[in-house]
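The values are calculated or read from the model by the stated rules, or taken from the named source; none is laboratory data. This one's a predicted model, so the numbers in the text were calculated from it and none came from an experiment. Reconstructed Cβ throughout: ideal geometry from the backbone, glycine too, with neighbour counts over all protein chains shown. Protein only, heavy atoms only, side chains kept; ligands, DNA and RNA dropped before computing areas. Shrake-Rupley method; radii C 1.70, N 1.55, O 1.52, S 1.80 Å.
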Amino acid sequence: MSEDKYIEINTSYGTFSGNLTESCREFLGIPYAKAERFRYSELIDHYEGILNAHHFGNSCPQYRQFFPHLDNPERLFYHREFREGLKFVYDEDCLNLNIYTPHNPEKCPVAVYFHGGGFNSGSNSEEPFRGYELAKRGVITVFANYRVGILGYLTHEEIQKEYGHNGNFGLDDMRNALLWVKKHIGEFGGDENNITLFGQSAGAMSIQYLCLNHDNDDLFQHVLMMSGAGRFPDFASPRPAEKTQEYWLSFMDTAGCRNLDELRNLDMYSMAVAVEIMKKRRKDTLYNTMPVIDGYLIRDSVKNLIGSPLKKDYMIGYTNADMYAPMMALIGNRFGRATQAYIYYFDLDAPGDDNGAFHSSDLRYLFGRLNQSWRPYAARDYEVSEQMMDYFASFAKTGNPNHEGSPHWEPCSAKKSNVLCFSKDQTAMRKPDLIRMGRNMIEKGNPKAK
């Protein structure tokens, strides 16, 4: 068994001890901000002594901490894909980063990733969120935790009175993670003026909202949104914060809390029980546990804002059995034309069952983690994974994914959605088959464990 190897770096704000691996330097669980319950987070800018960054940090408390829901086939499916065999520690002190750098980084491009999970779950230490392979390509990768569920998106009039805006604790955490990276990544060998923001599902949707606020213009240069770009139907879009407060008052009543201070002091298990009761009692829990129009981070409806996004380099992706697959393609293509984005269509079915290219199936390819899965991936899968990592590394460096040795990728024009397709036979520019996507959504869009 090999001996653990560590590396220390001294910075102007503290000393960090990380792991030295064959492929990169790895700094895990670095706290970037502190937050009390239902209060906005504050950046951490100084660290006393040597910060031990050898192990993953805490994950945000969420339903699976108390109710694994493993009797639900869909939950079991994703558990097997991304969490089986891993240990997670849940605690409200969860705002931390995992940073992967090349061995001798110098002004490397930086990529900051926000995980998905329907705004109510997920963690930066799930598989396949590792930066080993991208570090080999000269990219520093940062994986950020943020608050989810009730801790991330509760709204209340007392919060409005205290801060002048309301809700969006999770989205605010993401912005603070970006501020921390922008300020400090240079001392890890990164280029603070060449940052790519990327994420999948709820992470991608959150990035979309950050891209609609021009106050964020200086924080990043390039953007990849996987299965979450464009304007979703109104029922799934952020609503004014005050429109969600009735739900949270009902929640507080269910939890037996008369005011926000009592809720701030309630134990986490009792809050989780109240959430489960609300899920059974009402059908709108999901739409009340997500970003809202707060006049600060999201200043207007997405319908009004999406016509003037930040002028960045955009990349968009979706899969053949994605969540609401045809809609994901249509809204992604529409936003792609508006921003001259690079769009990819992932049409390579995951081997081992009949779930197709399910929602999030492209993640293992992007991070080069096929060999960590139970699935019997073949030569073509590994070829596509290498292509995706090479494309993304080039995009993170220059805003253009094209590079020598891979099929040419045409960006969209204002009038045409050019799409690069990763299929079982080839990687080439072609149109997605929306009819097939719709059929896949019906037949395969609700993965079942086999």
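The Cα atoms of segment 314-428 cover 41, 33, 22 Å along the three principal axes, with the biggest extent listed first. One Cα centroid belongs to segment 218-286, the other to segment 62-135; the line between them spans 21 Å.
Once both labels are modelled 7 Å past Cα along the beta-carbon direction, what's the LEU86-GLU36 spacing in nm? Taking the simple label geometry, LEU86 and GLU36 are separated by 3.2 nm.
Given N residues in segment 62-171, what is Rg(Cα) / (2.2 N^0.38 Å)? Before the final figure, lay out the partial values.
Numbers: Rg = 16.9 Å, N = 110, 2.2 N^0.38 = 13.1 Å.
Cα Rg divided by the expected 2.2 N^0.38 Å: 1.28.
Taking all protein chains as they are arranged and a probe of 1.4 Å, the heavy atoms of LEU212 leave approximately 10 Å² accessible to solvent. Projecting the Cα atoms of GLY186, MET205, TRP409 onto the charge dipole of the chain (Cβ charges, centred on the Cα centre) puts TRP409 farthest toward the positive pole. Surface exposure of segment 1-145, expressed per residue as accessible area with a 1.4 Å probe, stands at 44 Å².
Please compute the contact order of segment 145-201 in relative form: average sequence separation of alpha-carbon pairs under 8 Å and at least six residues apart, divided by the residue count, as a percent. It would help to have the intermediate numbers written out before the result.
Working: 40 pairs, mean separation 14.8, N = 57.
Relative contact order comes out at 26 percent.
Where does the Debye-calculated log10 I(q)/I(0) of the chain sit at q = 0.05, 0.09 Å⁻¹, using only Cα point scatterers of equal weight, no solvent? Listed by q, the Debye log ratios stand at -0.16, -0.55. A crude spin-label estimate for the pair SER12 and GLU410, with each label 7 Å from Cα along the Cβ direction, gives 4.7 nm.
Just the number, please: carbon plus sulfur as a percent of the accessible area of segment 145-281, 1.4 Å probe, no ligands or DNA/RNA counted. Mind dumping the intermediate values first?
Values: 2230 of 4730 Å².
Roughly 47 percent of what the probe reaches on segment 145-281 is carbon or sulfur.
Checking the Cα-Cα distances for LYS87/LYS444; LYS87/LYS424; LYS312/LYS444; LYS34/LYS182; LYS5/LYS397 against a 23 Å cut-off, the pairs over it are LYS87/LYS444; LYS87/LYS424; LYS312/LYS444; LYS5/LYS397.
Which order do the peptides 5-15, 139-149 take when ranked by the mean count of other beta-carbon atoms within 10 Å per residue, highest first?
Values: 5-15: 13.1, 139-149: 26.9.
Highest-to-lowest ranking by the protection proxy: 139-149, 5-15.
Applying the criteria of a DSSP loop state and at most 12 other Cβ atoms within 10 Å to the GluC sites (Glu not before Pro) of segment 138-178 yields no site.
In the chain, what percentage of the DSSP-assigned beta bridges are antiparallel, given to the nearest 5? List each step's numbers first, then the result.
Values: 22 of 59 bridges.
Antiparallel bridges make up about 35 percent of those DSSP assigns within the chain.
The coefficient of translational diffusion for segment 52-121, derived via Stokes-Einstein from the alpha carbon Kirkwood radius under 20 °C and 1.002 mPa s, stands at 146 µm²/s.
Could you please tell me the mean projected area of the C-alpha convex hull for segment 1-150, averaged over all directions and given in square nanometres to one decimal?
Working: hull surface 41.5 nm².
Reported value for the Cα convex hull: 10.4 nm².
Solvent exposure of segment 325-450, expressed per residue, is 44 Å² of accessible area, with all protein chains present and a 1.4 angstrom probe.
If you add up the charges near ASN333, with Lys and Arg at +1 and Asp and Glu at -1, over every other residue whose beta carbon is less than 11 angstrom from its beta carbon, what do you get? Mind showing how you got there, number by number?
On the way: positive: ARG334, ARG337, LYS416, LYS431; negative: none.
Net charge in that neighbourhood comes out at +4.
Other residues with beta-carbon under 13 Å from the beta-carbon of GLU246 carry, at +1 per Lys or Arg and -1 per Asp or Glu, a net charge of -1.
Rule-of-thumb check for segment 242-329: C-alpha Rg over 2.2 N^0.38 Å? Output field value: 1.48. Note on the chain: with charges restricted to the Cβ of Lys and Arg (+1) and Asp and Glu (-1), its dipole about the Cα centre is near 1400 debye.
Simple rule: put +1 on each Lys or Arg Cβ and -1 on each Asp or Glu Cβ in the chain, find the dipole, and look at ILE140, PRO31, ALA325; the Cα lying farthest toward the positive end is ALA325. Spatially, segment 342-387 and segment 1-55 are offset by 31 Å when compared through their Cα centroids. How much net charge surrounds LEU86 when only the other residues with a Cβ under 14 Å from the Cβ of LEU86 are counted, with Lys and Arg +1 and Asp and Glu -1? Here the count lands on +2. Computed across segment 153-236, the Kirkwood hydrodynamic radius from all distinct Cα-Cα pairs reaches 14.2 Å.
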